[in-house]
Amino acid sequence: RLPDDDEEEAEVGWQEKLFSQFEVDLYQHKSACLTPLDGQYHEEILKLEKAGGRKNHRIFTYTDNDRFTNLEEHYQKVTDSDHEVPSYLAEWMANVRRRRQDRRPIEASSLKSKIITWEPSDEFKRNNHVINTPVQTMYIMGDLGPYGKLGLREHEHVLCTIKVDSNGVITVKPDFTGTKEAYKVEVAGEKQEVWRYTIENMSAQVQSEEEEREQHVFRDLYGRHKEYLSGLVGSEFEMPPPGTLRLFVNGEIISAQGYEYDDLHVQFFVGLPDQWSSPAFEQLSGVTQTCATKRVGLDNVAHFSCPFTLDLVLTQEDESEESLPQWPVLYFRVASLDSWQRYRIEGYGSLVLPTSPGLHVFSIPTWRPVEQGIVAELRRFFIGDSPELEDITYIRIPSTFKGERLSRFGFRTKATGSIKLRLSCLQQSRAFLESSALRQRMQSVLGRAGGSSQQSSVYTVLEAFQRARRRLREARESLPQDLIGISTSSG
């Protein structure tokens, strides 16, 4: 059975001060009071002593103005290491306390006249580079020292942190216990004690009339805020011209893996077929940073996380079945550049942009051209010389090719690594808002475009099937009729 001193219950109000044994011993002496707040605590403790002493023993509080609150918010660790050293930025930003900010309303005239501060002061930087919402803080503490030895700072533990900001948001950490199990605090020592405590909300329940009035005020406030945001954004969005489709792509080159050399970077280009265009300011090419690889499993992986955006427009003039719009193609070139300035082509790859909106993740295999003989490999190893494509569209169908058949006979290649890519696609068209007939026609165009994006492999299979069928027909026609009749009757 636990001693009576190990069981305690206290009802604490907002910013209500409950002194600990350490504070009672400290503020009893007038010489220890350095600030007006210390002097106030000295007088309150003397009154408590005359009234019979404090009622609480292990549970006490630190209010918004106490030293503990100032030190606790000055610097907070981001790891569980005892030897963590704050960075230069952490030390500077720790001086900015959100609770102490004196916010002044900014007039509309000053906002228009000072949109950009060309020479910001140090105080301006500290006050504007943090979340500057004023906050009041209160800590409910527990003195978990041994029985009869209360008042030591090393035995103080935070049981609950309560914060209220200027917007009226109350944050309680940890949350009220309710139906959950009691919280545990393990105290390191000879006995390895485990303390359990619960947190209950003892505030008076709001009357139904007051609650309904409060909900009405909130609804009115949210409605006004929604109208304000609608006024800023506007009711109409910019729509593409009739008969066009706008394609937005937010892409990210995530990583590249499986390549021979280190210090990789990826160049990408966008190939626009006929009927496609882009704004004049739109960049249709880009390059990632040079990244050293890291061993992950059996492969060396270079993590880029390089974002890019595309804004493309399809103008569909002829929507007949014979006119299939081709979809834009992303071309990739992976290269390495080491400390000796040896530049090597590591691989080429391509990807047809998705025809369906949404999130898509791809793994794009790559290859590189190779030369015959050991001399080419020695040249690539020692001086970084390697063959590369003059026209990057040769990865698929060259842009200058006008014939019916493209032969790559004698072109030697070697499979290399792969590129991981993430694309978020958004499509915008007036046809999506029109009648069902126009919407179905646009969906048919997109479906046929999606089929054309894979036609290189599908057409190959169909052509092989047609050739085999034609040969079978010719073989049947060349056979004698009596032989065909015998084979039919026997079948």
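The values are calculated or read from the model by the stated rules, or taken from the named source; none is laboratory data. Keep in mind that what you see is a predicted model, and the values were worked out from it rather than measured. No Cβ is skipped: glycine too gets one built from the backbone with ideal geometry, and neighbour counts run over all protein chains shown. Note: areas computed on protein heavy atoms with side chains; ligands, DNA, RNA excluded. Shrake-Rupley method; radii C 1.70, N 1.55, O 1.52, S 1.80 Å.
Just to check your reading of the model, which residue among Asp391, Asp385 is of a type in the set (Asp, Glu) and either at pLDDT below 85 or in contact with a helix residue (DSSP H, G or I) (Cβ under 7 Å, 6 or more places away or on another chain) (or both)?
Values: Asp391 fails: either at pLDDT below 85 or in contact with a helix residue (DSSP H, G or I) (Cβ under 7 Å, 6 or more places away or on another chain) (or both).
Sole residue among the options that is of a type in the set (Asp, Glu) and either at pLDDT below 85 or in contact with a helix residue (DSSP H, G or I) (Cβ under 7 Å, 6 or more places away or on another chain) (or both): Asp385.
Could you grab me the full set of residues in the range 257-314 that are in contact (Cβ under 8 Å) with a residue 60 or more places away in the chain and of a type in the set (Ser, Thr, Tyr)? Working first, answer last.
First pass over the range 257-314, keeping only residues in contact (Cβ under 8 Å) with a residue 60 or more places away in the chain: 257-271, 299, 309-314.
Matches in the range 257-314: Tyr259, Tyr261, Thr309.
Just to be sure, is Thr355 closer than 18 Å to Trp327 by Cα, among the β-branched types (Val, Ile, Thr), open to solvent by less than 80 Å² (accessible area, probe 1.4 Å) and assigned to a loop (DSSP other than H, G, I, E, B)?
Numbers: closer than 18 Å to Trp327 by Cα: yes; among the β-branched types (Val, Ile, Thr): yes; open to solvent by less than 80 Å² (accessible area, probe 1.4 Å): yes; assigned to a loop (DSSP other than H, G, I, E, B): yes.
Criteria met by Thr355.
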Which ones in the range 147-156 are surrounded by 13 or more Cβ atoms within 10 Å (Cβ to Cβ) and free of Cβ contacts under 8 Å to residues at least 40 places away in the same chain? His155
So in the range 268-302, with the set limited to residues that are within 24 Å of the chain's Cα centre (by Cα) and surrounded by 16 or more Cβ atoms within 10 Å (Cβ to Cβ), which one is farthest from Gly243 (Cα to Cα)? Thr293
For the range 1-101, give me every one of the helices (runs of 4 or more DSSP H) that falls completely inside it and has 3 or more residues that are among the charged types (D, E, K, R) and modelled with pLDDT under 90. 36-50, 67-74
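For the subset of the range 228-239 comprising residues that are out of contact with any helix residue (DSSP H, G or I) (no Cβ under 7 Å at 6 or more places or on another chain) and part of a loop (DSSP other than H, G, I, E, B), which member is farthest from Leu433 (Cα to Cα)?
Of all residues in the range 228-239, those out of contact with any helix residue (DSSP H, G or I) (no Cβ under 7 Å at 6 or more places or on another chain) come to 228-238.
The next check asks that each one be part of a loop (DSSP other than H, G, I, E, B); those that pass are 234-238.
Details: Gly234: 18, Ser235: 15, Glu236: 13, Phe237: 13, Glu238: 14 Å.
Within the range 228-239, the match that is farthest from Leu433 (Cα to Cα) is Gly234.
What do you reckon, is Ser429 without any contact (Cβ under 8 Å) to a residue 60 or more places away in the chain, within 30 Å of Pro241 (Cβ to Cβ), surrounded by 16 or more Cβ atoms within 10 Å (Cβ to Cβ) and not charged (D, E, K, R)? Don't jump to the end; show me each part of the working.
Working: without any contact (Cβ under 8 Å) to a residue 60 or more places away in the chain: no; within 30 Å of Pro241 (Cβ to Cβ): yes; surrounded by 16 or more Cβ atoms within 10 Å (Cβ to Cβ): yes; not charged (D, E, K, R): yes.
So Ser429 does not fit the description; no.
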Within the range 250-296, strands (runs of 3 or more DSSP E) holding 2 or more residues that are at pLDDT 90 or above and within 19 Å of Val329 (Cα to Cα): 264-271, 285-287
Report, ordered by the first and then the second residue, all pairs with beta carbons closer than 6 Å, sequence separation of six or more or different chains, a first member in the range 362-390 that is more than 14 Å from Val334 (Cβ to Cβ), and a second member that is assigned to a loop (DSSP other than H, G, I, E, B) and open to solvent by 90 Å² or more (accessible area, probe 1.4 Å). Val370/Arg412
